[in-house]
1. Based on the Cβ-Cβ distance of residue 65 and residue 2, what FRET efficiency does E = 1/(1 + (r/R0)^6) give at R0 = 30 Å, to the nearest 0.05?
2. Cα axis of helix 42-59 to longest principal axis of the chain: angle in degrees, 0 to 90, nearest 10?
3. Given 0.36 nm per residue, what is the gain on full extension from residue 26 to residue 40 after removing their alpha carbon distance, in nm?
4. Quick one: compute a quarter of the convex hull surface over the Cα atoms of the stretch 44-113 and quote it in nm².
5. Tell me, what is the percent relative contact order of the chain, built from C-alpha pairs under 8 Å that lie six or more residues apart?
6. Against the longest alpha carbon principal axis of the chain, how many degrees, from 0 to 90 and to the nearest 10, is the axis of helix 93-111 turned?
């Protein structure tokens, strides 16, 4: 359980940083004008993702597939929340259904070991 908690925290951090790396061009003029500099933030983000994968695999007896689904689900939820707060995007019914499915995927991976 300890490794799963560490991996979820790392996934949230990495997905949040990825959001700012790729979406900041839409709300921060400097980012729009300096894509090469923004791309350099990919190095620490990749490092965090590597450790997310390590700890997630450790929590699932070496299996990597659950980590892919957990990363996808956390990324979807993180993206939606940040887009809502930072860019003011509203949740449509379609988005709510997709987030519900992503949350279900996350719960299935965590609970059904």
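Each value in this text was obtained by applying a stated rule to the coordinates, not by laboratory testing. All values derive from a computational prediction rather than experimental measurement. Every residue, glycine as well, gets a Cβ built from its backbone with ideal geometry; the counts of neighbours run over all protein chains shown.
1. Working: r = 21 Å, r/R0 = 0.69.
That pair, residue 65 with residue 2, gives E of 0.90.
2. In the chain, helix 42-59 runs at an angle near 10 degrees to the longest axis.
3. Answer, rounded to one decimal: 3.3 nm.
4. One quarter of the hull surface, i.e. the mean projection, equals 5.3 nm².
5. Computed over the chain, the figure is 32 percent.
6. 40 degrees
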